[in-house]
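Let me begin by presenting the structure, written as structure tokens, before commenting on it.
The values are calculated or read from the model by the stated rules, or taken from the named source; none is laboratory data. Note that the coordinates shown come from a computational prediction; the quantities given were computed from them, not determined experimentally. As a convention, Cβ positions derive from the backbone with ideal geometry for all residues, glycine included, and neighbour counts pool all protein chains shown.
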Amino acid sequence: MSFTTTIQAAAIESLEELYDHQFSDKDFQVNETKPEFEGDYTIVLFSLLKPLKESPDNLGKKLGNLILKKNASFFSGYNIIKGFLNLSVKDGALVALLQKNYNDICFGKKALSHKKVMVEYSSPNTNKPLHLGHLRNIFLGWSVAEILKATGCTVYKSSIVNDRGIHICKSMIAWEEFANGATPASTHTKGDHFVGDYYVKFNDEYKEEVSELVRNGVEKTRAEKDAPIMKKTQQMLLDWENGKPEVMELWSKMNGWVYEGFDETYKRLGSDFDKTFYESNTYLLGKDFVQEGLSKGTFHKKEDGSVWIDLSDVGLDEKLLLRGDGTSVYITQDIGLVKQKFEEYKLDKSIYVIGDEQIHHMKVLKEICRKLGMPFADKIIHLSYGMVELTTGKMKSREGTVVDADDLVDEMVETAKKHTEELGKVKDFTEDELKDLYETLGLGAMKFYLLRVDPKKRMVFNPEESIDFHGFTGPFVQYTYARIKSILRKVEEQGASDNSQSKITNEEKLFPLERELIIFLEKYLNVISQAAEELNPSVIANYVFHLAKTFNSFYTEHSVANAESEEKKTLRVHIAVMTATVIKSAMQLLGIKVPERM
RNA sequence: GGCCCCGUAGCUCAGUGGAUAGAGCAACAGCCUUCUAAGCUGUGGGUCACACGUUCGAAUCGUGUCGGGGUCACCA
């Protein structure tokens with residue numbers, strides 16, 4: 001049980017004894033005391049004054065005295081300022097916390113939840129490489145999955161690959177027309193970039209053909225339909241749907257190239273999936289329930305044979321589910337796949353990490369499931385996040401105004417190298433160590449940058465300014481970790497006994513920064529729960545930054561290896577070890593590695 | 001136009017019912033014979049978009065206004 005809940009419980013117990021009345025944690029708040037006041041935790045009394053007909057002073061005194069009496073080993077005193085009852089925790093109670101097994105505190109997995117959850121993220125198209133927007137998506141999804149695991153959930157990471165459709169055919173046609181049999185291998189190009197280049201080539205050629213037609217007096221919308229390359233692409237899509245062998249072969253060959261490229265990127269990013277769905281396997285799934293919906297009367301058919309659902313009773317529009325020609329649309333496939341997921345994995349929750357432009361779509365999806373009486377309709381959760389935009393506006397892959405994921409990673413790693421060299425630290429490492437370090441730092445900076453902000457806020461990325469390595473950043477936290485490890489190495493060299501195993505004396509008087517650190521470390525499990533509840537990794541990022549910052553202050557103020565006494569040294573080694581453990585754990589939840597040295 | 005999200009220091013963001021609203025960046029002033037200065041300490045910088053309301057108490061809740069974005073496809 002955490003300190004705040006312990007205190008809440010103690011207060012309830014005392015209140016009930018004093019007033020012969022039932023209290024709950026909703027009746028009053030327990031906060032951390034603001035630094036400008038004496039005390040560690042504050043019980044806010046205002047909300048209790050009226051129902052108990054007490055003055056702040058009277059209630060504060062009665063409650064303060066009783067809590068102190070009943071928990072003499074935990075609290076050392078109290079003060080009352082206005083309606084705030086400030087309680088001070090005994091040094092001994094804080095020290096006792098350090099004597100617990102570090103792993104219990106950091107990775108206690110008190111199993112707050114045993115839910116089975118699927119987190120679906122990344123979900124790329126196979127006609128172009130991953131870009132900055134995918135990175136936010138991937139880091140978010142991966143991190144949320146880790147956070148949920150840390151609370152005890154069983155998590156399946158999944159991705160749905162959009163491997164079919166007109167956009168794929170565009171790359172395919174362009175390759176047929178212009179590649180002369182070139183391959184990623186023959187051109188030494190990463191597969192996804194290779195295919196993406198043909199997607200761009202398609203659009204260039206298409207634009208050219210359209211303007212050519214317009215010059216010859218064809219109306220623009222007409223020209224867009226009649227451009228020869230577009231007609232070929234449409235035909236190819238039909239051939240694909242009919243399973244024409246040459247087309248299928250080309251399709252799997254080119255997708256194969258893309259997957260090789262994606263795998264390389266995912267591997268470098270440290271991202272992975274337990275299950276990958278392919279749209280080519282699932283796009284027909286939804287058709288079954290269309291019949292079901294029609295017979296139930298939930299759906300209706302129009303004269304042209306198209307199938308619709310009316311959602312106007314819940315404030316949404318009429319939505320198409322099946323075209324007149326019997327082909328399904330996006331949402332139809334979605335419903336089919338949702339059903340399959342819940343049934344196959346027996347999920348309690350399915351989280352979709354998708355941009356906020358699809359909020360409406362996901363609302364419609366949920367609503368249709370609900371109207372069909374699917375029991376999991378309310379377990380569909382859309383974790384929506386704001387788009388990443390550039391200072392020059394939106395990213396558009398067709399126009400080449402995207403920040404490519406691989407390029408950005410390269411750049412970040414390069415920046416890490418530059419910083420390290422400038423600081424003159426290169427000589428301490430071997431070539432291989434440096435390579436690892438640059439990856440760790442570059443990726444750390446990038447992941448932290450994308451995760452430290454509330455997911456739902458859109459963010460503007462300025463490609464001109466490289467991501468920072470100072471202040472509220474990944475490398476700042478990584479640096480703190482490396483320094484702690486350095487201290488611990490030194491302590492070990494000093495030898496004799498292994499300090500982290502030896503006992504600390506409860507009598508030790510704590511300095512303010514020592515207290516602050518222990519109290520802050522104690523909060524970690526609460527922070528994980530909050531992040532899990534909000535599906536928000538930025539909660540973790542803010543916490544771990546603050547922790548690192550506090551440790552850095554402590555670091556300058558107090559020496560560990562050369563502490564003023566053996567007792568102090570032991571105590572501080574415990575604090576350092578625990579801080580390092582929490583930093584490593586928290587960063588891991590963000591998908592960020594921490595270096596032993598930097 | 002309907003619905004949804006956002007508006008906090010020059011910039012990027014925390015804080016979502018409690019005390020005098022906090023960080024980072026940028027600016028300025030200090031700190032390396034002492035565990036790694038990618039660090040630490042300090043200074044300046046705010047009608048929390050605006051208005052009204054609810055409350056003992058509002059950046060936080062409600063209503064309205066203004067500004068920015070998204071969405072309302074037989075696209076995915």
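The single condition from (1) of a type outside the set (Lys, Arg); (2) modelled with pLDDT under 95; (3) in a helix (DSSP H, G or I) that A:VAL218 fails is (3).
Here is a yes/no grid of residues against (1) among the acidic types (Asp, Glu); (2) crowded, with 22+ Cβ neighbours inside 10 Å:
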site: A:ILE138; (1), (2): no, yes
site: A:SER143; (1), (2): no, yes
site: A:LYS149; (1), (2): no, no
site: A:GLY152; (1), (2): no, no
site: A:SER159; (1), (2): no, yes
site: A:PHE178; (1), (2): no, no
site: A:VAL200; (1), (2): no, no
site: A:GLU208; (1), (2): yes, no
site: A:GLU219; (1), (2): yes, no
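Among the conditions (1) outside any loop (DSSP other than H, G, I, E, B); (2) within 30 Å of A:GLN340 (Cβ to Cβ); (3) modelled with pLDDT of 95 or more, the only one that A:LEU238 does not satisfy is (3). Can you give me the number of residues within the range A:531-546 that are more than 13 Å from A:GLY471 (Cα to Cα) and either of a type in the set (Gly, Ala, Ser) or more than 7 Å from RNA strand B (Cβ to nearest atom) (or both)? Here the count works out to 10. Would a scan of the range A:386-397 turn up a residue that is within 12 Å of RNA strand B (Cβ to nearest atom), under 27 Å from A:ASP274 (Cα atoms) and not small (Gly, Ala, Ser)? Yes. How many residues does the range A:461-489 hold that are more than 6 Å from RNA strand B (Cβ to nearest atom) and either among the basic types (Lys, Arg) or assigned to a helix (DSSP H, G or I) (or both)? Residues that pass the stated criteria total 9. With a requirement of 1 or more residues that are free of Cβ contacts under 8 Å to residues at least 24 places away in the same chain and closer than 30 Å to A:LYS115 by Cβ, the helices (runs of 4 or more DSSP H) lying completely within the range A:512-588 that satisfy it span A:524-534, A:538-557.
Would you say A:PHE28 is within 27 Å of A:LYS523 (Cβ to Cβ), without any contact (Cβ under 8 Å) to a residue 24 or more places away in the chain and either in contact with a helix residue (DSSP H, G or I) (Cβ under 6 Å, 6 or more places away or on another chain) or exposed (fewer than 14 other Cβ atoms within 10 Å of the Cβ) (or both)? Yes; evaluated as a whole, the condition is true for this residue. Being within 22 Å of A:LEU510 (Cα to Cα) and among the β-branched types (Val, Ile, Thr) is true of A:VAL89.
Do you know which of the residues in the range A:88-115 that are touching a Gly at 6+ places or on another chain (Cβ under 6 Å) and within 19 Å of A:THR4 (Cβ to Cβ) is modelled with the lowest pLDDT? Checked the range A:88-115; the qualifying residue modelled with the lowest pLDDT is A:LEU112. Taking every residue in the range A:336-359 that is under 23 Å from A:ASN137 (Cα atoms) and free of Cβ contacts under 8 Å to residues at least 40 places away in the same chain and pairing it with any residue that is more than 15 Å from RNA strand B (Cβ to nearest atom) and assigned to a helix (DSSP H, G or I), at least 6 positions away or on another chain, the pairs with Cβ-Cβ distances below 9 Å are A:PHE342/A:LYS379.
Scanning the range A:406-424 for residues that are in contact with a Ser or Thr (Cβ under 7 Å, 6 or more places away or on another chain) and in contact (Cβ under 8 Å) with a residue 60 or more places away in the chain yields one hit, A:ASP406. Selection of the range A:159-173 for residues being in a loop (DSSP other than H, G, I, E, B) and either in contact with a Gly (Cβ under 7 Å, 6 or more places away or on another chain) or among the hydroxyl-bearing types (Ser, Thr, Tyr) (or both) yields an empty set.
Which of the residues spanning the range A:298-328 are more than 13 Å from RNA strand B (Cβ to nearest atom), modelled with pLDDT of 90 or more and not in a strand (DSSP E or B)? Answer for the range A:298-328, where residues must be more than 13 Å from RNA strand B (Cβ to nearest atom), modelled with pLDDT of 90 or more and not in a strand (DSSP E or B): just A:THR298. Exactly one residue out of A:GLU249, A:GLU176 is farther than 20 Å from A:LYS396 by Cβ, assigned to a helix (DSSP H, G or I), out of contact with any strand residue (DSSP E or B) (no Cβ under 6 Å at 6 or more places or on another chain) and free of Cβ contacts under 8 Å to residues at least 24 places away in the same chain, and it is A:GLU249. Screening A:LEU284 with (1) within 13 Å of RNA strand B (Cβ to nearest atom); (2) among the aliphatic types (A, V, I, L, M); (3) under 30 Å from A:LEU589 (Cβ atoms) gives one miss only, at (3). Checked against (1) near RNA strand B (Cβ under 10 Å from one of its atoms); (2) small (Gly, Ala, Ser); (3) surrounded by fewer than 19 Cβ atoms within 10 Å (Cβ to Cβ), A:ALA377 passes all but condition (1).
The residue that is modelled with the lowest pLDDT, among those in the range A:406-460 that are more than 26 Å from A:PRO129 (Cβ to Cβ) and away from RNA strand B (no atom under 12 Å from the Cβ), is A:LYS427.
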